[in-house]
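In what follows, a structure is listed as structure tokens, so that the remarks can point back to it.
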Amino acid sequence: MGGDTTRGAFDALFSAYFVVTTAAVLLVLVALAAAVLRGRRRGARRGGDPSRLEIGYVLLLSTIAVALMAVTVTTELNVDARRPAGVQVQVVASQWRWTFQTEQAGHRATTFNRLVVPRGTTIAFHIRSRDVIHSMWIPEVRFKRYAFPDRTTTYDLEFPSTGTFEGLCAQFCGLDHDRMRFTVQVVDAAGFAAWLEAHAS
């Protein structure tokens with residue numbers, strides 16, 4: 001996962017939800033303000049049957065909700081084809097540390113709470129836990145996957161730009177859960193090759 005097709009589709013879906021939610025909140029606030037002002041002018045009176053405006057408002061919101069549900073289901077079914085992974089990363093979550101074993105072309109480096117990966121390369125993450133259930137979350141690329149103690153799960157991801165990003169555990173895993181943080185440093189291909197060679201064990 002993490003290809004341009006899926007990333008673009010989910011970005012568009014997020015934007016659509018943001019626009020619709022913002023518009024709905026503003027519409028509700030305006031409607032409430034109008035109702036309060038109108039009620040003060042009229043005084044205490046028994047309300048009549050729903051007006052056409054109210055019926056139209058309900059129909060509009062229902063239509064928007066159905067449209068968002070349809071778009072969401074369609075987007076959720078969008079899965080990128082798997083690409084050959086250029087880098088393999090074994091991820092082991094444990095209380096209270098992340099261990100990353102990064103491998104490419106026979107070179108392997110082990111780091112703790114720091115992940116170094118190349119930009120624009122498909123990376124295969126093999127994630128497991130040594131004790132309880134953890135969750136590997138990198139908000140910058142909207143990547144969150146569980147780490148289970150009884151099995152290894154594999155996911156593909158591609159980082160489109162260089163930079164240093166925060167990662168953390170999104171699953172409460174004990175009293176020191178807040179210590180389950182790590183950094184992701186995304187570098188260019190040449191920088192990654194030099195780093196891996198320098199840290200290879």
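The values are calculated or read from the model by the stated rules, or taken from the named source; none is laboratory data. Nothing here was measured: the structure is a model prediction, and the numbers come from that model. Because the Cβ atoms are built from the backbone with ideal geometry, glycine has one as well, and the counts that use them run over all protein chains shown.
Here are the numbers:
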| read-out | value |
| --- | --- |
| Residue check for PRO149: without any contact (Cβ under 8 Å) to a residue 40 or more places away in the chain and more than 14 Å from THR183 (Cα to Cα) | yes |
| Segments classed as strands (runs of 3 or more DSSP E), wholly inside region 40-142, with at least 2 members that are in contact with a Cys (Cβ under 9 Å, 6 or more places away or on another chain) and at pLDDT 95 or above | 134-138 |
| Selection count, region 175-191, where residues are in a helix (DSSP H, G or I) and either of a type in the set (A, V, I, L, M, F, W, C) or farther than 18 Å from VAL92 by Cα (or both) | 3 |
| Yes/no for THR102 being under 21 Å from GLY191 (Cα atoms) and polar (S, T, N, Q) | yes |
| Subset of region 17-31 [modelled with pLDDT under 85 and within 18 Å of ALA70 (Cβ to Cβ)] | ALA24 |
